[in-house]
1. Restrict the check to the range 243-255 and report whether at least one residue is surrounded by 24 or more Cβ atoms within 10 Å (Cβ to Cβ), within 12 Å of the ligand (Cβ to nearest atom) and under 13 Å from the mean Cα position of the chain (by Cα).
2. Out of curiosity, is residue 298 crowded, with 24+ Cβ neighbours inside 10 Å and within 16 Å of the ligand (Cβ to nearest atom)?
3. For the range 330-353, enumerate the residues that are free of Cβ contacts under 8 Å to residues at least 40 places away in the same chain and surrounded by fewer than 22 Cβ atoms within 10 Å (Cβ to Cβ).
4. Could you check residue 394 against (1) under 16 Å from residue 96 (Cα atoms); (2) buried (at least 18 other Cβ atoms within 10 Å of the Cβ); (3) more than 21 Å from the chain's Cα centre (by Cα) and say which number it fails?
5. Determine which member of the set 120, 110 is assigned to a helix (DSSP H, G or I), within 12 Å of the ligand (Cβ to nearest atom), touching a residue at least 12 places away in the same chain (Cβ under 8 Å) and crowded, with 22+ Cβ neighbours inside 10 Å.
6. Tell me which residues, restricted to the range 408-430, are at positive phi and more than 29 Å from the chain's Cα centre (by Cα).
7. Can you name the residue in the range 94-106 that is surrounded by fewer than 19 Cβ atoms within 10 Å (Cβ to Cβ) and either outside any helix (DSSP H, G or I) or more than 18 Å from the chain's Cα centre (by Cα) (or both) and is also nearest to the ligand (Cβ to nearest atom) among such residues?
8. Search the range 76-88 for residues being in a loop (DSSP other than H, G, I, E, B) and in contact with a helix residue (DSSP H, G or I) (Cβ under 8 Å, 6 or more places away or on another chain), and hand back the single one that is surrounded by the fewest Cβ atoms within 10 Å (Cβ to Cβ).
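The values are calculated or read from the model by the stated rules, or taken from the named source; none is laboratory data. Note that this is a predicted model, so its numbers are computed, not measured. A quick note on method: Cβ atoms are made from the backbone with ideal geometry, for glycine too, and the neighbour counts reach across all protein chains shown.
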Ligand code: TRP
């Protein structure tokens, strides 16, 4: 508690490695193992990956740098940052307000998928979801998602688990957890990747992953690829503003962002390398979509020697990845409630958890009780995913670029990104300014308009 005359230091990340682990922990998540391989499989393999990469360089990465920069300067949550940096016009705070809303919408479906992953850690260890017959693994998955009690149970468990880490604080909760988990994640991923590459179908799997098929690319596919670029780097809704507010003053922001982007990409590619060779070896289709993770993987891995061990490892990997990502999303509303209303961390987290369980249940039940309830032809689960990834994140990113590049202004950006002159990165900052002022906004607007068939 704060005493008069004594200001308590803000809870923050403490070491350079801690900053990197937490930020990478946020980026790496279900996006790498659930979305990336499935979307690449559905939309032309390497063709999709190329567009995703271009979107990352032209829009995702600049937005990431901008968010971290603004958060570190304001030392505030996603909404208050805009009020602190530009008090003249309160409406910029809308970016943060929509961001906090997005945090709940993303978590609503994300915690559900994470719930399945956690469930599969236990179920695959017990052997109950394993079979070489995809009909059996498909029925097992169907049984889980269409059971309202199980769906809600696993989602709530995950939410409470993540809330339990959040309560411990930025340093003792988030930083400590991600510092321990990230190395384990890489280790497991490399083990599975190596195992997969030893399979006879490795060449076919790799050529699928690296051979572009542009015939599948439409405006909607490009929009999806850009949405994935934002989703992957956790940008467009204030996660990186919030984490940036915990960054050290001497941290090199552009370099950290670049490293996180490259490491995250490596994880996605490794996940592809772990999955596709196995899929081809046992004669499955790569276009399985989201079902890839829960239906195809158990069936595929069950066919290879020691596969049962690797399936469990695979879902442990998923659980670890999802945890770091969920921590970073949940921290957005918690940091806001904590700072804006001076609620204790416990109270802020408790409120977030309760609200999230309510909103999340509409996603959890969208394969059972609410399966018939659709808006624009989408279940709540699909709607939250589409709305956030494809629309809210790019729009948030667009306004963030306009704010950083045009409103906050060049001289402040230069000072902030060079750590007030102590880094010799003038050239890099110049490139950043060009991207953030012109390239990213134009890219986002054009892709959105085309994706929505407006132009
Ligand atoms: N990047 C994470 C993943 O790929 C998800 C995530 C974490 C996220 N924080 C976010 C997505 C903020 C959008 C916004 O799984």
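1. No.
2. When the stated conditions are applied, residue 298 does not pass them.
3. Going residue by residue through the range 330-353, those that are free of Cβ contacts under 8 Å to residues at least 40 places away in the same chain are 337, 341-344, 347-348, 351.
Answer for the range 330-353, where residues must be free of Cβ contacts under 8 Å to residues at least 40 places away in the same chain and surrounded by fewer than 22 Cβ atoms within 10 Å (Cβ to Cβ): 337, 341, 342, 343, 344, 347, 351.
4. (3)
5. Unique residue meeting the criteria: 110.
6. 420, 421
7. 97
8. Here the residue is 86.
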